[in-house]
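Read the structure below first, then the notes.
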Amino acid sequence: MLWVALELPALPLQLVERARAMPTPLVIGEGPSQRPVVAHANAAALEAGVKEGMAVAAAKALAGDLKCIERDESEEREALERLAGWAAQFTPAVSIEPTGLVLEVESSLNLFGGLAKLLSALRGGVRALGLQATLGIAPTPLAARAFARAEARGIAMRSCAEMADLSSRLADLPLFLLEWPGRTLELLADLGIVRVKDALALPRGGFSQRFGPEALARLDRLAGRVPDPRLAYVPPARYRARLELPAEAEGVEAILFPLKRLLAEMEGYLRGRGAGVQELDLDLEHGKKSRTRLTLSFATPEREAEFILAIAREKLGRLELAAPTIALRLVADRLQPFAPREGTWLPGREERAVGRARLIERLAARLGQGRVFGIALADDHRPERGWRNPPAASPRAAFDGGARPAWLLNRPQKLVARAEGPTLQGVLQLVAGPERIETGWWDGAPVSRDYFVAANPAGETVWIYRERRDPGAWYLHGVFA
């Protein structure tokens, strides 16, 4: 087996920073409400002189515009669960750890083209979510976590993918990376045992008697002496996420950046479940429990974050928000099976249909629902009554009743008729016809016409007719593209 660990020691800070495009001094505070201390500080705060562990009041004295967010461990747990749902697109064996994830990836290597490409996809995907994680690779999950924690602390340790190399790679690893109890680490340090190779060299019986069987068991699982099975996380049947903004967002443009992060997370979750969505709700939360709800609907199941963001941008652009936005909530309750669309060198009918459907959705999002229609046949031979406006996504009907122009005039335009024939920028040459249409005598709007396809000297092709009740009267009714 091969495990990849994602370590996010600064997750509380990243959950806040991911919603802002421009970093400003920010810290996460924890501890007693009367005297909270800085648990995490971003780069801007560290540059201002703030240090982790100092009192928040002292930190604010160093950086006047410092913003402090109270730590919320329940929110961190929910974020890790959503990250596990996102990571399920790489492997179904994802387990949640206190400060990250571990993924068993051996069975996924061929699918992603090898370990290097899979790691690249993981790193790029985590960055797209607005998070920063260090990665560790090892044949055991504990070793992978230890390597990831070492990288997070700036300790140069090489991960390994082969069990035969594990002992040598673990040898110089500091014991404090193993998350043992502090008392155990203190006792080992008093004995001069600070690295994994020192602990592995101790007699097993004496080690268990002195430090407890659990410490020995963790050491065995770390080195691969005993199996270390993990319970895989099962993502929920629906996607729900909330992202609180670090500051009030005025207008629509300010919420597109955090929305992109949410949609990237949802895309990974949907990929992991092999699903798409045809409808999802986006709530913009304002102060005093007010909110603005936007429902996004699609003709076919979708999951690509960029496309959904483009639709959301069009619809949000039509809104006038009454108050600043303080949080975003994304809800997709009804998942649909999703058939991946493969790219091809020569797009076929299906690819063209998907492109047409997406164009219609973007037009409808920009112009508004009810303003984009298709064209379909009506049960009437009169050209001006022979079509109707169905919804834009309706299937197109074939027409084999003869030549019809793409542009039909609202009212037929009377043409000047000479002895040589009707004229339009010169004498028209009749190319095809006549096609006789004689109907409507039962409803008070009768027509009796002979239609022709004609060409004028300028090279334009038009659709004209001769009024049978007035043989000398010619009319222009349409223009061919």
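The values are calculated or read from the model by the stated rules, or taken from the named source; none is laboratory data. Every value quoted in this text rests on a predicted model; they were computed, and no experiment measured them. Because the Cβ atoms are built from the backbone with ideal geometry, glycine has one as well, and the counts that use them run over all protein chains shown. Calculation scope for accessible area: heavy atoms of the full protein, side chains included, ligands and nucleic acids excluded. Shrake-Rupley method; radii C 1.70, N 1.55, O 1.52, S 1.80 Å.
Ignoring lysines fewer than eight residues from K67 along the same chain, the ones with Cα atoms less than 22 angstrom from its Cα are K51, K288.
The C-alpha atoms of segment 296-343 occupy a region whose extents along the principal axes are 41, 22, 16 Å, arranged from largest to smallest. Taking only protein heavy atoms and a 1.4 Å probe, the accessible area of segment 64-174 is 46% carbon and sulfur. Remark: relative contact order (the chain) = 11 percent; criterion is Cα-Cα distance under 8 angstrom and separation of 6 or more residues. The C-alpha atoms of the chain define a longest principal axis, and helix 305-316 lies at about 60 degrees to it.
Between helix 213-223 and the chain, what is the angle of the helix's C-alpha long axis to the longest principal axis, kept within 0 to 90° and rounded to the nearest 10? With rounding to tens, the tilt is 50 degrees. Cα convex hull, segment 109-258: 187 Å³ per residue, rounded to a whole number.
The coefficient of translational diffusion for segment 51-155, derived via Stokes-Einstein from the alpha carbon Kirkwood radius under 37 °C and 0.692 mPa s, stands at 207 µm²/s. Taking all Cα-Cα distances within the chain, those exceeding 38 Å account for 49%. Here the spin labels are modelled as points 7 Å beyond Cα on the Cα-Cβ line, and at R293 and S168 they lie 6.2 nm apart.
Helix 253-273 axis versus longest C-alpha principal axis of the chain: approximately 80°, rounded to the nearest ten.
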